[in-house]
Structures are given as C-alpha cells and as structure tokens.
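These notes concern the structure reproduced below.
The values are calculated or read from the model by the stated rules, or taken from the named source; none is laboratory data. The shown structure was predicted, so the numbers you read here are calculated from the model rather than taken from an experiment. Here the Cβ positions follow ideal geometry from the backbone for every residue, glycine too, while neighbour counts run over all protein chains shown.
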Amino acid sequence: METSEQPPDGSGARVIPLRAESARRTRGERSEAGPASPEAPGPEAAEPTGPSVLEESIERLAAFVRRRVDGDYQVDEFGFDPDLTDNVIIPALRPLYRSWFRVETIGMHHVPDVGGALVVANHSGTLPLDALMTAVALHDEHPARRHLRMLGADLVFRLPVLGALTRKQGATLACNPDAERLMSSGELVGVWPEGFKGIGKPFKDRYKLQRFGRGGFVSAALRTGVPIIPCSIVGAEEIYPKIGDIKPLARLFGAPYFPVTPTFPLLGPLGAVPLPSKWYIEFGEPIRTDAHEPADADDPMLVFNLTDQVRESIQHTLYRLLSQRRNAFLG
C-alpha cells in the first residue's frame, strides 16, 4: 500500500520522496551540461525491477497472518480451511513432492475441472504419504488447482494435532453419507479402499493390491452419479520397506501395526526419514456412473462388478508403470 508523508505545516499536500527530487535535479543538471554519452547511461535509463521472490513470500505471509488475526477466512461444515491449506499445508509438503520424491503425474486431463468426482487409488508405504502427495499433485498440477477431499479412517482423526490438521486440509471420515454430501456439492473426493491392509502390507507383497472392501465407494458414486477415476501410484512402496511387525507394540499403542524397516527402529528418529524413491501418479480414464439410477447402488452384483473394474484398472496400470521403470530411485 502506498503511503505519503505529510508536511510539517499540516497542509495535507503530498510530499515527493527525496529520491525522486534528487533524480529530477540530476536530470536538470544533465540537460544543462549536454546529452549523456551512450557509454555511460544515467540512473533514469535503468528499467524498474519487480519485487523479489523473497519479498513476495514475505508479503504473502504477512497477508495470511492478517487474515488469521482478523478472522477473514472461511471453514466449511467439515472443518476444511482452504486458506490454511493453500498457504501452509501444501507449501510444507511441496519440497517433499518436488525435490525428494520428484513426483511425475500422468493423465491429469482425466480429472474434471469442475463438479464432483471420486478418485480411487492404491495405498502403500507404511505411512500414508501417498494420499498427501496425491493432494499436492491435484492442487499444483491440475489446471483448476483442485482440492482433494480425502476420506480417512477414524484412527487418523483421533491423533492429537495431526487429526485437527487433517480436518483442516479437507479430509473427513470414510463413510458414505459424508462422501455423498461432498460429491453432491461438486467436490473432488479421494478414497484408498485398501486401507491399513494396503499401507501395512509386507514389502514382499509390494504393488499387489489388497481387497477393496465391500465397494462402499462405488455405492456412493452411483448415488451421486459422479465419475470414478482410477489412480495408480508407483514409488510409495519403497519409502519405508516394511520387513517386520512388532505386534505387542502395535497393541500397546492401539495401532494396526508397528513396522520394522531397514532403518527403523534401528536408527531411531533418523529411521523415520522416507527413502527418496521416484514417484509416478497416473490418473486413468474415468468410469462413468451417470448411466445408472441412484437405486442401482443397492444392487450388490453391479457394485461388485464396478469395484472389480476399478481394482483391475489400477492393478494393470501399476504393472505397466513398473515395467517401464528402470530403477526405484532413479525412475
């Protein structure tokens, strides 16, 4: 915001900064002395430069803090805070996405620019970083910069701090009523039907899809008539290769498993650093559901067939991506 200094006499006239005044004097002196030589251009010849990246970052941060202090931001009924997501959560994940995992996306044009849709992806990696990287991909790489409203297990929302942040990022409990309300309102919803069976499977079973449950996500898509977009993620299996499970510790902490990897718990906190595998996220051709009636969501055979179709699409894409990959860390 531009400001002007007031003169001592209180007249309210705008005072031109001294730099501008001295620049005018310099130009006047130069005009009296004759034209400047082309070999020594004056200060007025320099083109004005815009704000640096650091200055822009500071301005954005200051504007964000002002909005938070003034309460000038919105949160929807599920707790989603787009202002916090765009300015804090996504930027915090972006270095991991761009520099550490070096994620490449394929088939982004299959994700609609507007309207409800259901992204269904494979789950892996011991910790659910694949869900977070998918959210960053859709926010940064999609032309419409779409927010992914993730469906998560209740265990996630019971965790201190992390549960609240997950809500603010737009996630909600993996249940049909919430999913249907989101998709009916035009949101892009993400689901990982393998659940803990997927992210907690042993490394020897990598890229072998686990059971997709009873197909609740298909029922929700049928009731709302939104397309189902298969999403295949390669690279997440190698970040924490799970070679063991300490079940007594898992029961002690109320977790589905307590993983043992080549670096954890052997290296302590350092073992929590994910290995820098090369990632590929491919969005497949949408499977339409609007040709069916909402009542067809109660047809178990139709739900089973669509669930199997989505699962097979993801599995075949995983095999294809793996056959094209030369190395898990170099791509």
Out of (1) at pLDDT below 95; (2) under 20 Å from TRP192 (Cα atoms), the odd one out for GLY331 is which?
-> (2)
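Please state which one of THR289, THR307, THR317 is β-branched (Val, Ile, Thr), touching a Pro at 6+ places or on another chain (Cβ under 9 Å) and part of a loop (DSSP other than H, G, I, E, B).
Details: THR307 fails: part of a loop (DSSP other than H, G, I, E, B); THR317 fails: part of a loop (DSSP other than H, G, I, E, B).
None of the others qualify; the one that does is THR289.
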ARG326 is checked against (1) touching a strand residue (DSSP E or B) at 6+ places or on another chain (Cβ under 9 Å); (2) assigned to a loop (DSSP other than H, G, I, E, B) and fails just one. What number does that condition carry?
-> (1)
For the range 58-78, what are the residues that are assigned to a loop (DSSP other than H, G, I, E, B) and touching a residue at least 12 places away in the same chain (Cβ under 8 Å)?
-> VAL75, PHE78
Which one of PRO91, PRO82, PRO160, PRO177 is without any contact (Cβ under 8 Å) to a residue 60 or more places away in the chain and either more than 30 Å from GLY271 (Cα to Cα) or in contact with a strand residue (DSSP E or B) (Cβ under 7 Å, 6 or more places away or on another chain) (or both)?
-> PRO177
Residue under evaluation ILE199, criteria (1) among the β-branched types (Val, Ile, Thr); (2) touching a Pro at 6+ places or on another chain (Cβ under 7 Å); (3) farther than 21 Å from TYR257 by Cβ, criterion not met | (3)
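Matching residues to (1) modelled with pLDDT of 95 or more; (2) more than 23 Å from HIS142 (Cα to Cα):
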residue	(1), (2)
GLY225	yes, no
CYS231	yes, no
PRO241	yes, yes
LEU266	no, yes
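Quick one: in the range 191-215, which of the residues that are surrounded by 19 or more Cβ atoms within 10 Å (Cβ to Cβ) and not hydrophobic (A, V, I, L, M, F, W, C) is modelled with the lowest pLDDT? Working first, answer last.
The first filter runs over the range 191-215 and keeps only residues surrounded by 19 or more Cβ atoms within 10 Å (Cβ to Cβ), leaving 191-195, 198-201, 209-210, 212, 215.
Then keep just the ones that are not hydrophobic (A, V, I, L, M, F, W, C); that gives 193-195, 198, 200-201, 210, 215.
On the way: PRO193: 96, GLU194: 96, GLY195: 94, GLY198: 95, GLY200: 95, LYS201: 96, GLN210: 94, GLY215: 89.
Ranking the candidates gives GLY215 first.
Results for (1) among the aromatic types (Phe, Trp, Tyr); (2) touching a residue at least 24 places away in the same chain (Cβ under 8 Å), shown as yes or no for each residue.
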site	(1), (2)
GLY215	no, yes
GLU237	no, yes
PHE253	yes, no
LEU266	no, no
PRO269	no, no
LEU275	no, yes
TRP279	yes, yes
PHE283	yes, yes
Applying the selection to the range 134-152, what residues are closer than 17 Å to VAL88 by Cβ and either among the polar types (S, T, N, Q) or not in a strand (DSSP E or B) (or both)?
-> ALA135, VAL136, HIS139, ASP140, ARG145, HIS147
